[in-house]
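The values are calculated or read from the model by the stated rules, or taken from the named source; none is laboratory data. Given the structure is predicted, the values throughout are model-derived calculations rather than measurements. Neighbour counts are summed over all protein chains in view; Cβ atoms, including those assigned to glycine, are modelled from backbone coordinates with ideal geometry.
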Amino acid sequence: MPDVRLVNVTKKFGNVVAVDNISLHIRDREYFSLLGPSGCGKTTLLRLIAGLIKPDSGEIYIGDKLVNDAPPEDRDIGFVFQTFALFPHMNVWENVIYGPRIKGYDMTRANRIGHEVLEMVRLHERLDAYPNELSGGMMQRLAVARALAAGAKILLLDEPLGQLDAKVRNELRYEIRRMAKDLELTAIHVTHDQAEAMAMSDRIAVMRKGKILQVGTPQELYTNPKNLFVANFIGGSNFLEGYIIEAKGEAAVIELRGGLRFKAINRGMNVGDRVVLAIKPETLTMQRHGRSGEANLFNGIIKRVTFEGTTIRYEVELENQDTVLVVTPSLTCEWFTTGEKVIVSFRPENAHVFPYPEAGLRAEISVE
């Protein structure tokens, strides 16, 4: 199956730059996600790959073929929309074999393909049902089946789970990935849901305002964000502002307001630099007793407790009035209560240090 390459691709709508000089390589048989907030350009990028719109500049390759001017039907793609886009007057069987028939396959071949894909998506027992007789999950599986039956080598999915309830969405995300992997397809999946992208993808491109900010595996994006937006958008982070007061080799000491000091890994920062620490809530720990006054060990008071099933969220006000979020497993960790005094700590390697942004922290992490 083919890979997909974009070289310096730009697309504008009037004065709005929807896709801004993007270069990207999606590998053969990879399940790849375009992730970002609404309006970041991810759907426009998918439509460019599909051939539904043309780039203003740059080149798009499918395999070794330049496809800038190729119509969608010549790109060997299957497009799965958020709205399902099924033919309401056709039953399951007719929806699935529509593609093979349009391509001129003989009835024997069309029927064989139809039966194979319907077995794969577990809808073979609903051949005579019409779309309005199916559940949301069934309709989405039918939409995938129709794309596969048309002989797609590349599967493009635009928010395919957005209209489904949470339970069905969680189940279907694994089914779609399984089908793509079983058929060795190249899949490109657009979503604003970071949990969905993390669960389904081999790699993810995080987008914002028409640009790609970082590409990596789910683990890389979560554990090693390259900028503040990715640190916030992937899994969320606590952000603490301060100044570098010591920098020796790979070690740095950062002072927050109120004189609180943090030890962190130095990534090219100098003494006097204003910085932001990004710390994942899951990497903070709490205890009732400890030695306060040491670096990375602070007094705090629990202001709010939220039970979320498998996890508990604690909002903790530190002694300098900064607030941090601490997330712990509900079944294996000790529980704390609102108003309780605690000691909060973290390991230096779990704090990512970034230069303070010129536009300000709030603007830098905003999803708008």
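Which of the residues belonging to region 221-274 are more than 30 Å from Thr191 (Cβ to Cβ), among the aliphatic types (A, V, I, L, M) and crowded, with 21+ Cβ neighbours inside 10 Å?
Passing the criteria: Ala252, Ile254, Ala264.
Within region 181-214, can you find the residues that are in contact with a Leu (Cβ under 6 Å, 6 or more places away or on another chain) and part of a loop (DSSP other than H, G, I, E, B)?
Within region 181-214, just Leu185 meets the criteria.
Within the set of pairs 6 or more residues apart or between chains, which connect a residue that is farther than 15 Å from Arg208 by Cα inside region 11-28 to a residue that is aromatic (Phe, Trp, Tyr) and surrounded by 15 or more Cβ atoms within 10 Å (Cβ to Cβ) with Cβ atoms less than 6 Å apart?
Between residues of region 11-28 that are farther than 15 Å from Arg208 by Cα and residues that are aromatic (Phe, Trp, Tyr) and surrounded by 15 or more Cβ atoms within 10 Å (Cβ to Cβ), the close pairs are Ile26/Phe32.
Give region 20-29 a look and list any residue that's crowded, with 21+ Cβ neighbours inside 10 Å and touching an Asp or Glu at 6+ places or on another chain (Cβ under 9 Å), or say none. Spell out how you get there, then give the answer.
The first filter runs over region 20-29 and keeps only residues crowded, with 21+ Cβ neighbours inside 10 Å, leaving 22, 26.
Answer for region 20-29, where residues must be crowded, with 21+ Cβ neighbours inside 10 Å and touching an Asp or Glu at 6+ places or on another chain (Cβ under 9 Å): just Ile26.
Testing Ala278 on (1) of a type outside the set (D, E, K, R); (2) buried (at least 16 other Cβ atoms within 10 Å of the Cβ); (3) over 22 Å from the mean Cα position of the chain (by Cα), one condition comes back false. Which one is that?
So the condition that Ala278 fails would be (3).
Going through region 316-349 one residue at a time, which ones are acidic (Asp, Glu), under 26 Å from the mean Cα position of the chain (by Cα) and either surrounded by 17 or more Cβ atoms within 10 Å (Cβ to Cβ) or at positive phi (or both)? Walk me through it before giving the result.
Residues of region 316-349 acidic (Asp, Glu): 317, 319, 322, 334, 340, 349.
Add one more test, that the residue is under 26 Å from the mean Cα position of the chain (by Cα), and what stays is 349.
Residues satisfying the conditions do not exist here.
Determine if region 141-150 includes at least one residue that is surrounded by fewer than 16 Cβ atoms within 10 Å (Cβ to Cβ) and assigned by TED's automatic domain parsing to the domain that holds Ile49.
Keep residues of region 141-150 that are surrounded by fewer than 16 Cβ atoms within 10 Å (Cβ to Cβ), which gives none.
Taking every residue of region 141-150 in turn, none turns out to be surrounded by fewer than 16 Cβ atoms within 10 Å (Cβ to Cβ) and assigned by TED's automatic domain parsing to the domain that holds Ile49.
So the check is Cβ under 9 Å with 6+ separation or different chains; which pairs have a first residue in region 205-232 that's closer than 24 Å to Arg347 by Cβ and a second one that's of a type in the set (D, E, K, R) and surrounded by fewer than 17 Cβ atoms within 10 Å (Cβ to Cβ)?
Gln214/Glu220; Gln214/Lys226; Gly216/Lys226; Thr217/Asp202; Pro218/Asp202
Residues checked against (1) within 28 Å of Gly36 (Cβ to Cβ); (2) assigned to a helix (DSSP H, G or I); (3) not assigned by TED's automatic domain parsing to the domain that holds Leu213:
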residue	(1), (2), (3)
Ile301	no, no, yes
Glu315	yes, no, yes
Leu325	yes, no, yes
Trp335	no, no, yes
Ala363	yes, yes, yes
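What residue, among those in region 97-109 that are within 34 Å of the chain's Cα centre (by Cα) and more than 15 Å from Leu155 (Cβ to Cβ), is surrounded by the fewest Cβ atoms within 10 Å (Cβ to Cβ)?
Tyr98
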